[in-house]
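The values are calculated or read from the model by the stated rules, or taken from the named source; none is laboratory data. Fair warning: this is a prediction, and the values are worked out from it, not measured in the lab. Please note: Cβ atoms are built from the backbone with ideal geometry, for glycine as well, and neighbour counts cover all protein chains shown. Heads up: the accessible areas ignore ligands, DNA and RNA and are worked out on the full protein's heavy atoms, side chains in. Shrake-Rupley method; radii C 1.70, N 1.55, O 1.52, S 1.80 Å.
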Amino acid sequence: MPGAERNRRHLLIVSCALAAGLLAATNPAAAASAPRYSPGAPGAGDPYFPDMGNGGYDVGHYDIRLGFSPGTGAIDATTTILATATQDLSRFDLDFQGPLAISKLSVNGRNAGYTRSGAQELVITPPGGLRKGSEFTVSVTYAGVPEKIDDPALGVSGWVATKDGAVALNQPIGAATYYPVNDTPDDKATYTQTITVPAGLTVLANGEPGPTTTRGNQTTFRWTMNRPMASELSMLAIGDYDVTRGATADGLPNITAIGKSIDTKPGQGQVFNRTTAQITQWESSVYGPYPFDSTGGILADVGVGYALETQSRPVYDHRTSDFDGDLLAHELGHQWFGDSLTPVHWSDIWLNEGFATYSEWLYQEKFNNVPVQQTFAKVYAGEKDWTGEVADPGRDHIFDDLVYNRGAMTLQALRLKIGDRDFFRLLAQWPAVHRYGNVSTQQFIQFVERLTNRDLGSFFQTWLYQPGKPKL
């Protein structure tokens with residue numbers, strides 16, 4: 001290229017660059033709209049669990065496709081996540097813990113970079129930045145033997161191996177033991193779980209059953225939860241189960257199951273199903289329409305020593321339940337309070353457990369002629385530990401009596417304060433207004449005050465925030 005022509009081309013390039021800079025300088029809106037990519041936060045901001053959850057995106061749907069080998073306890077799986085960026089993302093995290101090995105990871109169908117950081121962070125760098133407001137998919141393929149979490153204060157959660165399979169119970173921090181997830185209650189999503197197991201085993205999960213197909217010696221089950229669900233409420237049960245199908249009086253499908261290894265009396269499957277339907281129907285008359293598309297429950301030989309309000313289908317460790325109506329009323333009451341309405345932060349868990357415990361008290365009044373006030377008086381007199389704040393119990397105390405009993409006592413004290421008319425309006429309107437959302441203690445206080453047109457600050461200060469035994 002002759003020198004003169006080369007110089008002219010150089011001047012043209014410089015002129016174009018200067019013009020572009022001048023245009024950006026004289027058009028601030030154009031400059032401001034340029035993406036400024038940055039990493040999403042590695043935590044969701046919960047004071048009790050700062051590493052749980054992540055920032056920068058909102059998950060819309062999880063598609064979990066998983067094969068299980070009972071002989072080895074291993075899984076091979078692909079989880080695909082549909083999400084929306086809430087900022088211009090250069091990279092983002094998922095929660096994923098334990099020894100599961102990743103073999104492939106893609107974002108929008110293209111291979112993406114990733115690293116494992118700390119106990120649970122899966123740090124993903126997509127091939128290109130993700131613009132705020134854009135939808136994207138993440139697909140992670142992995143395999144291995146999942147490991148449960150056994151927290152000294154909070155007990156066992158996550159993937160728990162059983163004699164004939166496994167049960168996944170994910171509250172508060174267990175979901176990431178078998179699928180990559182934004183593990184915070186504040187990011188609800190819908191779910192599809194497609195699980196393949198050796199023929200003869202049964203798979204149960206949240207939501208509604210889809211087609212079951214058998215090819216050779218493998219059977220694939222499909223379950224879909226079409227309502228928003230927090231990851232800590234997701235569930236999976238693989239094993240040898242007797243399944244009973246029925247319906248409530250209103251026609252709501254009711255799917256219950258009992259592990260065959262559990263020694264039960266003849267006909268107990270029908271008793272379990274019938275009692276579940278009866279309580280679901282009754283609670284719907286108190287709390288308003290049932291928030292999901294089916295009800296049910298699973299009695300499992302899982303050995304964790306607790307029952308859990310997994311969405312639409314609670315799981316009961318058989319050591320905790322002999323089809324006890326109180327316990328069923330508690331876990332089914334959670335479908336409104338804890339599942340449909342989920343706390344923003346774990347410090348607000350009394351909004352789950354206080355209402356669920358109060359469901360037990362209402363059950364006793366309705367079916368066993370024990371007045372709620374009588375139960376309240378007994379618990380009030382027998383409670384020995386009045387330290388701590390109900391609305392801020394501390395990370396290691398979210399499952400203490402402080403949350404359950406004193407939470408329920410707060411509700412009964414509120415009932416006496418505002419009267420039955422407003423109280424039962426509250427029980428129906430609170431879950432209706434915030435259905436499928438996240439709620440806080442402050443929102444609840446404001447809701448009650450608006451409903452009753454009363455200043456109740458002093459009352460709630462005494463019962464929720466002030467340690468010590470309140471005077472009646």
Keeping all protein chains in position, work out how much accessible area SER33 exposes to a 1.4 Å probe, and write it in Å² to the nearest 10.
70
With N residues in region 179-255, Rg(alpha-carbon) / (2.2 N^0.38 Å) equals 1.22
Measure nothing fancy, just the Cα-based angle from helix 441-452's long axis to the longest principal axis of the chain, in degrees from 0 to 90, nearest 10.
60
Value at 222 nm in deg cm²/dmol, rounded to 500, when DSSP H runs of n ≥ 4 in the chain each add -39,500 (n - 2.57)
-9500 deg cm²/dmol
Region 108-155: relative contact order in percent, alpha carbon pairs under 8 Å with at least 6 residues between:
30
How far apart, in nm, are two points set 7 Å out from the Cα along the Cα-to-Cβ line at ASP385 and at ALA74?
4.3
Could you work out the local net charge near TYR179, counting Lys and Arg as +1, Asp and Glu as -1, over the other residues with Cβ closer than 11 Å to its Cβ?
-2
Computed over the Cα atoms of region 373-472, the Rg and Dmax in Å are 13.6, 37
Check LYS260: other-chain or 5+ apart residues with amide H under 5 Å from its amide H, H built from backbone geometry?
ASP240, TYR241, ASP242
Roughly how tilted is helix 268-287, in degrees to the nearest 10 and between 0 and 90, from the longest Cα axis of the chain?
80
For q = 0.12, 0.14, 0.16, 0.21 Å⁻¹, what log10 I(q)/I(0) does region 407-463 give under the Debye formula with an equal point scatterer on each alpha carbon and no solvent?
-0.25, -0.35, -0.46, -0.81
Return the sequence-ordered ³J(HN,Hα) values of region 140-151 in whole Hz as given by the Karplus equation 6.51 cos²θ - 1.76 cosθ + 1.60 applied to θ = phi - 60°, using x for Gly and Pro.
10, 10, 7, 7, x, 9, x, 10, 6, 9, 10, 7
Percent carbon-and-sulfur accessible area, the chain, ignoring ligands, DNA and RNA, probe 1.4 Å
51
If you take the Cα Rg of region 177-321 and divide it by 2.2 N^0.38 Å, with N the number of residues, what do you get?
1.04
Taking the reciprocal of mean 1/r across every pair of different Cα atoms in the chain, the Kirkwood radius in Å is 24.2
Within 10 Å, count the other beta carbons around each residue, average over each peptide in 210-218, 174-182, and list them highest first.
174-182, 210-218
Percentage relative contact order, the chain, counting C-alpha pairs under 8 Å, at least six apart:
11
Pair-distance profile P(r), taking every C-alpha pair of region 28-165, with 5 angstrom steps and integer %
2, 9, 16, 21, 18, 14, 10, 5, 2, 1, 1, 0, 0, 0
Lysine pairs within the chain, Cα separation less than 30 Å, 8 or more sequence positions apart or different chains:
23
Pairs of alpha-carbon atoms within less than 8 angstrom and 6+ residues apart define the contacts here; what relative contact order does region 330-418 have, in percent?
36
So for region 220-287, Kirkwood radius off the Cα pairs, Stokes-Einstein at 20 °C and 1.002 mPa s: how many µm² s⁻¹?
154
What share of all Cα pairs of region 293-351, in percent, falls into each consecutive 10 Å distance bin?
24, 49, 26, 1
Taking H placed 1.01 Å from N in the peptide plane, check which residues at least 5 places from VAL160 or on another chain put their amide H under 5 Å from its amide H.
VAL167, ALA168, LEU169
Residue-span extension gain [ASP150 to THR462] - 0.36 nm each, minus C-alpha spacing
108.9 nm
Accessible area (Å², per residue) of the chain, counting only protein heavy atoms and a probe of 1.4 Å
42
Could you compute how much accessible surface TYR37 exposes when probed at 1.4 Å, giving the result in Å² to the nearest 10?
100
I'd like the accessible area for ARG319: 1.4 Å probe, protein heavy atoms, all chains in place, Å² to the nearest 10.
150
Give me a comma-separated list of calculated 3J(HN,Hα) values for region 456-468, in order, Karplus coefficients 6.51, -1.76, 1.60 applied at θ = phi - 60°, integers in Hz, x for any Gly or Pro.
10, x, 5, 4, 5, 4, 5, 8, 10, 10, 9, x, x
